[in-house]
Amino acid sequence: MFSGERRNFHPESRAYVEAYIQFYARRVGQEAAGSVGDNEPIAISAKTHLIDHLYKYLDTLDSKCSALLAFCGLTLTAISLMIAFYESKAPKYDFVLQLIFVAVSISSVIALTVINVHWSSAEDLRGRTLDEACRSYYTTMRSRTQRFILARALVLGAVICLGGYVLIDLLGTLHAKAF
């Protein structure tokens, strides 16, 4: 988590925590009409559950980013081999391959920003309320999810372009052999 993510909570974080308390109360068979006070047992229980839920979500997101990074590594290797192979045969394709290489590299860098380790200091924990922890985790989850979606979209676009490139090259080779 970046240090700014804890201090600058996402604008929706308060509404999300309140909605989660309402959801949690219904889930455990209680009715939480209106706003629930921060020190009520149901709010404390709900926020504790929410922190666990968001932490698991962040853990899942880290795993997905690790898989994306592994895929990026394989894709970059394949593109590097293609650049080396085509450099002497068809230099007109170099720009396309290099562009795809850059897109996957940028995706990798973005994915690396999602996988982040932050250890709270004792000072951080002393002054932190349960509500702040919920809002902080929510803010972190939103920020990292947006970066993951961007990284995944870049890789997806690059892979589609790479597949199209390979298909066009294959069709061109088949067409040349036919004539």
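Only one of Val117, Val159, Val166 is hydrophobic (A, V, I, L, M, F, W, C), out of contact with any Gly (no Cβ under 7 Å at 6 or more places or on another chain) and not in a helix (DSSP H, G or I); which?
On the way: Val159 fails: not in a helix (DSSP H, G or I); Val166 fails: not in a helix (DSSP H, G or I).
Going through Val117, Val159, Val166 in turn, just one is hydrophobic (A, V, I, L, M, F, W, C), out of contact with any Gly (no Cβ under 7 Å at 6 or more places or on another chain) and not in a helix (DSSP H, G or I): Val117.
If you check Ser80, Ser66, which single one turns out to be surrounded by 12 or more Cβ atoms within 10 Å (Cβ to Cβ), in a helix (DSSP H, G or I) and modelled with pLDDT of 90 or more? Please lay out each step first, then the result.
Working: Ser80 fails: modelled with pLDDT of 90 or more.
None of the others qualify; the one that does is Ser66.
Within region 96-105, can one find any residue that is open to solvent by less than 80 Å² (accessible area, probe 1.4 Å), within 30 Å of Arg14 (Cα to Cα), out of contact with any Lys or Arg (no Cβ under 7 Å at 6 or more places or on another chain) and not basic (Lys, Arg)? Before you say what the answer is, go through the steps one by one.
At the first step, the residues of region 96-105 found to be open to solvent by less than 80 Å² (accessible area, probe 1.4 Å) are 96-97, 100-105.
Now restrict to residues that are within 30 Å of Arg14 (Cα to Cα): none.
There is no residue in region 96-105 that is open to solvent by less than 80 Å² (accessible area, probe 1.4 Å), within 30 Å of Arg14 (Cα to Cα), out of contact with any Lys or Arg (no Cβ under 7 Å at 6 or more places or on another chain) and not basic (Lys, Arg).
Could you tell me whether Ala178 is closer than 19 Å to Ile79 by Cβ and either out of contact with any Gly (no Cβ under 6 Å at 6 or more places or on another chain) or open to solvent by less than 40 Å² (accessible area, probe 1.4 Å) (or both)?
In short, no.
If a residue must be outside any helix (DSSP H, G or I), at pLDDT 90 or above and crowded, with 17+ Cβ neighbours inside 10 Å, how many such residues does region 1-59 contain? So that I can check it myself, show each step before the final result.
Our first condition is that a residue be outside any helix (DSSP H, G or I); within region 1-59, this holds for 1-2, 8-12, 28-40.
Within this subset, residues satisfying the condition of being at pLDDT 90 or above are 9-12.
Subset that is crowded, with 17+ Cβ neighbours inside 10 Å: 9-10.
Total meeting the criteria: 2.
Can you tell me how many residues in region 126-151 are over 26 Å from Tyr20 (Cβ atoms) and either among the charged types (D, E, K, R) or not in a helix (DSSP H, G or I) (or both)?
Number satisfying all stated conditions: 0.
Can you tell me how many residues in region 129-165 are of a type outside the set (D, E, K, R) and free of Cβ contacts under 8 Å to residues at least 60 places away in the same chain? Explain how you work it out, then say what you get.
From region 129-165, those of a type outside the set (D, E, K, R) are 129-130, 133-134, 136-141, 143, 145-146, 148-151, 153-165; that's our starting set.
Cutting the leftovers down to free of Cβ contacts under 8 Å to residues at least 60 places away in the same chain gives us 146, 149-150, 153-154, 156-157, 160, 163-164.
Total meeting the criteria: 10.
Taking the stated definitions as given, is Ser120 open to solvent by 30 Å² or more (accessible area, probe 1.4 Å), hydroxyl-bearing (Ser, Thr, Tyr) and under 30 Å from Glu18 (Cα atoms)? Don't jump to the end; show me each part of the working.
On the way: open to solvent by 30 Å² or more (accessible area, probe 1.4 Å): yes; hydroxyl-bearing (Ser, Thr, Tyr): yes; under 30 Å from Glu18 (Cα atoms): yes.
Spelling it out, Ser120 is indeed open to solvent by 30 Å² or more (accessible area, probe 1.4 Å), hydroxyl-bearing (Ser, Thr, Tyr) and under 30 Å from Glu18 (Cα atoms).
The values are calculated or read from the model by the stated rules, or taken from the named source; none is laboratory data. Here the structure is a predicted model, which is why all the values come from computation and not from measurement. In this analysis, Cβ positions are derived from the backbone assuming ideal geometry, glycine residues included, and neighbour counts consider all displayed protein chains. Side chains included, ligands, DNA and RNA excluded: accessible areas come from the protein's heavy atoms. Shrake-Rupley method; radii C 1.70, N 1.55, O 1.52, S 1.80 Å.
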